[in-house]
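Taken together, the values in this text are just the output of simple stated rules run on the coordinates, not laboratory data. Computed from a predicted model, the values in this text were never measured in an experiment. Glycine gets a Cβ as well: all are built from the backbone with ideal geometry, and neighbour counts include every protein chain shown.
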Amino acid sequence: MKLAGLFSGGKDSCYAVDWALNQNHKVNVLVSIVSENPYSYMFHTPNIKLTSFQGLAAEIPVMYKTTPGIAEKELKELKHALAEAKENFSVKGITTGALASSYQKNRVESICSDLGLKCFSPLWQKNQTEYVQELISNGFEVLIVGVAAQGLGENWLGRKLDESILNRLIELDKKIGLNVAGEGGEYETFVLDAPFFKKKIEVIDSVNHWQKDSGYLEIKKIKLVEK
């Protein structure tokens, strides 16, 4: 089936695209929603405009749609974007990285139903520890670009998701109930390499933005390199 990937550049949306390709679907386009609201309930915001480089790395076109990020109004922009993807890229369905948020999943599924699109959410209700372990084992190179939780300090920004990070996340889950996969917004990610990338991404320059107990890493310059 020809699909569009609802794509933020983070680990969850990348996993969903990889899953679709492994199921012999064809991903014709990646759809990135650029929200002007950094606290959007629907859309991932850190470094969202850099998904174009991930599209180049994967050799899949990226389509952008901007939204002011006002509560339910941002869903209208999403619907317009998916309708455009359906018309211009002949897609019959989409992938999402929904893991545990019914708020996001239900709204996307409702839009897909209206548009006659099938919605695939391969991560839905997946065990979070097993999921992160799968990412690491399958060679996803995942950069932490945002943190907002107890136990995650500024020194986490720019670190890559690996076994040591996973073990620390598991410890924090046992201690304070932190979501190991960051589903509660504890951390945000940007994928530098994935199994379906033809090239990988290297960060050349970045800067941390930190305030009180949370912050994000702004990627200033990147380049594509051979794998």
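In summary, the chain shows an alpha-carbon radius of gyration equal to 0.96 times the 2.2 N^0.38 Å reference for compact globular proteins. I'd like the distance between the alpha-carbon centres of segment 174-227 and segment 72-144, rounded to an integer number of Å. Cα centres, segment 174-227 to segment 72-144: 19 Å. In summary, the convex hull built on the alpha carbon positions of segment 128-226 has an orientation-averaged projected area of 6.3 nm². Only helical runs count toward this figure. For the chain, summing -39,500 (n - 2.57) over DSSP H runs of n ≥ 4 and dividing by all residues gives -10000 deg cm²/dmol at 222 nm.
Extending 7 Å from Cα along the Cβ direction at Glu154 and again at Tyr64 yields two label points whose distance is 2.9 nm. Here Lys200 is the anchor, and the lysines within straight C-alpha reach of less than 16 Å, apart from those fewer than 8 places off in the same chain, are Lys11, Lys160, Lys221, Lys223, Lys227.
Unpaired cysteine residues in the chain (no second Cys Cβ under 4.7 Å): Cys14.
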